[in-house]
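The values are calculated or read from the model by the stated rules, or taken from the named source; none is laboratory data. As the structure is a prediction and not an experimental result, all values here were calculated from the model. Positions of Cβ are generated from backbone atoms using ideal geometry, with glycine treated the same way; all protein chains shown enter the neighbour counts. Areas reflect the complete protein model, heavy atoms only, side chains present, ligands, DNA and RNA absent. Shrake-Rupley method; radii C 1.70, N 1.55, O 1.52, S 1.80 Å.
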Amino acid sequence: MVIHLLKDKIKVEKVVNAGVISIGEKRIYYNTCMRDCYDTCLLETKVVDEKIRVKGSKSFPITDGFLCYKGYILPKWLYSKERLKSAYIRKNGRLLKASIDEAINVVASKMKDFIDRGMAYKILLYQFAGDRGVVNYHFPMRLFHKIGATFLDYGICDRAGQEALKKIYGTSVGMVPEELKKEKLIVYWGMNPAWTNLHGFSLVKKYGLEVWTVDVRTTPTMKASSKGFVVKPGMDAEFALYVAKAMVENGWYDKNFSKNYIENFEDFEEFLSNIAWDDVKKTGLSKEDILNFAKGLWEKKGVIHIGYGFQRSRNGARSVKYVGILPILSGHKCGFLYDMKVLDKSYAEGKFLRKGPFRTVPQMKVTEYIENGNIEMIYIYNANPLNSHQNVNRLKKAFEKIFVVVHDIFMTETAQAADVVLPSSTFFERLDIVDSYYHDYILLNEPVVKLWGYSNREITMMLAKKLGFKDKYLYEVEEEIIKKVLKDCGLSWDELREKKFIKGRKISNCKDSVRVDLDDIEKSEDMELEKDEFILITPTHYSTITSQYYNLHDKFDEYVHMNPEDGRQMKLNPGDVVEVFNEYGRLISNVKFSEDVQKGTVVIFKGSWQNLSKRNVNSLVGDEVQESCGNASIYHGFKVRVRRIRGDMSETL
């Protein structure tokens, strides 16, 4: 099947060989990168010699005419020989190729069994942001609402920070990036935008802002900043409190604004006065460092882009809370960037189809719910939980107890553990729209090719038909869903179709006054380490988005990164094969030394596929969650041990 775009109307034709569109009337198509990334770039896609070529749209102010490495390899991703071209069904312990009809029959039969027994609530719909298209992400929810399945209560990504900011500001939605034009200083706290928000980083440079970075390692962003502050893991809250203390005690804050905006300012001031400077070194920074930070933040009226990384730790929500207060002291009502929400997508989700109670499972406790028998079937799309979940070894064992369905583009480690695998199409192969959690634009995505697999909507319709459902909302076409979603937000489909991107409207704004919750008397944990014990840090690599794109190139960094001093004390040499282990699991790789890594920590990038590389750093991550913050995830701060196995690196990397 080839989808043609003729005068902005969709025409579908059945053809023998699926391929690219090559219509003389229109040689440029507009796609939006749907990956789980801040930037959400607009692409100009051309068909040349029956292959697509992409470039960043110059017309879209965020993309500004260029793409990151991951954007430029999208054609390689689209045409990869590793893409799933057929369905698979597990028979006698092995995944065997099957027709799509056979696979749909198996899945629908299993779902019908649960429905007939009144136990559809034991089916869990597991999805996340692997593809953020409004239709592609939400449409399957309609079917699972219809049957009364259980949904996820999300916690894997930015939940702790959301909860913390909502308690202060009433929202986690902060500044629009283009508002930075009027600012002088931005602090990137716990994020590495040179790798993960490249277009935002470029925008900041374009606007001429001074850049500071706070992180637990010396990142590429820190190296490109005018000032960098390396904080000890888990000590972000203490660092922020010391900065606040310095600002208030020295009068380096907007007194009138802060005292009026923070309702309990006097209590907060007293709280800060009781913090002793004696313990400042536990942050990894000196009192002088903190005074310089505090004074500069005040003088330049700095704003803060709060990253997601450091809030995925035991002290994550507490850290975001106190970091989030600092822009108030520098004179801002809403001086942070964290989330952005401009679209109400409830119509696309179709919760109105649900007749019974709405049940959810905390995302980071899925393993526990499976082990306890609360979940007996799981349907997964837009996610690779056996790569990205905490304690993946335990989750993999739990999957052996239930019926697993995976809809994906590639045979990921999650797909390999499934009972049924359904082949997915890509965003180049369908119509959709998408918003961003960084900027406030809504972007169009036009279909250009039809190669292999099926969209989430197409698979959902197949299942609905097989189950005998007649409800029109289970068969609605993409364009009608898009029109209704936009109309509900006061936006125009005709305008978006013509312009390819339009401005949305923020769904929530910061409150007119705030209260600072001072109930958390406990201080952040300053972890003591034994010999050959380290704190594990698991950042994102520039060549991947968690596990996405790992299988397409050899750019990924598989090393165990350590500080040279730690290496000398352990008598390790560069390239030595080491085992990194704890009570949750182990991995083997080669060691690499860098002054960019703090002493007492090891850095291992997340995202490697265990079925390809035999290693996954989340096998070292435990099951703890931040229970008071929506059971938000904890990935950073687990203790690991390191020991040398051998010196020959050729056998490993």
#### Entry: Ordering of 80-86, 446-452, 287-293 by burial proxy (mean other Cβ atoms within 10 Å per residue, highest first)
446-452, 287-293, 80-86
### Whether the stretch 494-618 is rounded, prolate or oblate, judged on the alpha carbon gyration tensor where a/c under 1.5 counts as rounded
oblate
### Query
Which whole-Hz couplings ³J(HN,Hα) result when phi for each residue of the stretch 361-371 is put into the Karplus expression 6.51 cos²θ - 1.76 cosθ + 1.60, θ = phi - 60°, listed in order with x for Gly and Pro?
10, x, 4, 7, 10, 4, 4, 4, 5, 5, 4
### Query
For the stretch 245-261, what does the Karplus curve 6.51 cos²θ - 1.76 cosθ + 1.60, with θ = phi - 60°, yield as ³J(HN,Hα) per residue in whole Hz, taken in order and with x for Gly and Pro?
4, 5, 5, 6, 5, 9, x, 8, 7, 7, 5, 4, 5, 4, 5, 7, 7
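Under 1.5 on a/c is rounded, so check that first for the stretch 153-311, then, if it is not, pick prolate when a/b is larger than b/c and oblate when it is not; a ≥ b ≥ c are the square roots of the alpha carbon gyration tensor eigenvalues.
Working: a/c = 1.33, a/b = 1.26, b/c = 1.06.
It is rounded, given that a/c, with a ≥ b ≥ c, falls under 1.5.
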### Message
For the chain, I need the span (max minus min coordinate) of the C-alpha atoms along each principal axis, in Å, sorted largest to smallest.
### Response
73, 58, 53
### Task
Summarise the accessible area of the stretch 460-514 (1.4 Å probe, protein heavy atoms) by the percent that is carbon and sulfur.
48
### Query
Using modelled backbone amide H atoms (1.01 Å from N, in-plane), which distant-in-sequence or interchain residues come within less than 5 Å of residue 235's amide H?
none
### Task
Let me have the 222 nm mean residue ellipticity of the chain computed from DSSP H runs of 4+ only, each contributing -39500 (n - 2.57), with the sum over all residues rounded to the nearest 500.
-8000 deg cm²/dmol
### Message
Skipping prolines and chain starts, which residues have an amide H placed within reach, meaning under 5 Å, of the one on residue 210, given they are 5 or more residues away or on another chain?
### Response
185, 186
### Query
For residue 111, what is the net charge nearby, where nearby means another residue's Cβ is under 13 Å from its Cβ and Lys, Arg count +1, Asp, Glu -1?
+3
## Note on the structure
Measuring from its Cα centre, the chain shows a charge dipole (+1 at each Lys and Arg Cβ, -1 at each Asp and Glu Cβ) which, in debye to the nearest 20, is 2060
### Task
Give me the accessible area per residue for the chain, probe 1.4 Å, as a whole number in Å².
39
## Note on the structure
Rg/Rh of the stretch 130-207 (Cα atoms, Kirkwood Rh), to two decimals, equals 1.09
### Summary
Here the net charge surrounding residue 259, from other residues whose Cβ is less than 14 Å away from its Cβ (Lys, Arg +1; Asp, Glu -1), is -3
### Task
Calculate the dipole size of the stretch 168-293 relative to its Cα centre from +1 charges on Lys and Arg beta carbons and -1 charges on Asp and Glu beta carbons; express the result in debye to the nearest 20.
740
### Task
Pop out the carbon and sulfur fraction of the accessible area of the stretch 279-327 as a percent, whole number, probe 1.4 Å.
47
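Between residue 639 and residue 97, what is 0.36 nm times their sequence separation minus the Cα-Cα distance? Round to one decimal in nm. Don't skip to the answer; put the middle values down first.
Values: separation 542, 0.36 × 542 = 195.12 nm, distance 4.18 nm.
Gain on stretching residue 639 to residue 97: 190.9 nm.
Suppose accessible area is computed on protein heavy atoms with a 1.4 Å probe; arrange 645, 375 from highest to lowest. Walk me through the numbers on the way to the answer.
Working: 645 70, 375 5 Å².
From most accessible down to least: 645, 375.
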### Debye, to nearest 20: dipole size of the stretch 365-481, +1 on Lys, Arg Cβ, -1 on Asp, Glu Cβ
520
### Among beta bridges that DSSP assigns inside the chain, antiparallel share in %, nearest 5
55
### Query
From the backbone phi of the stretch 189-196, what are the Karplus-calculated ³J(HN,Hα) couplings (6.51 cos²θ - 1.76 cosθ + 1.60, θ = phi - 60°) in whole Hz, Gly and Pro given as x?
10, x, 8, 10, x, 4, 10, 10
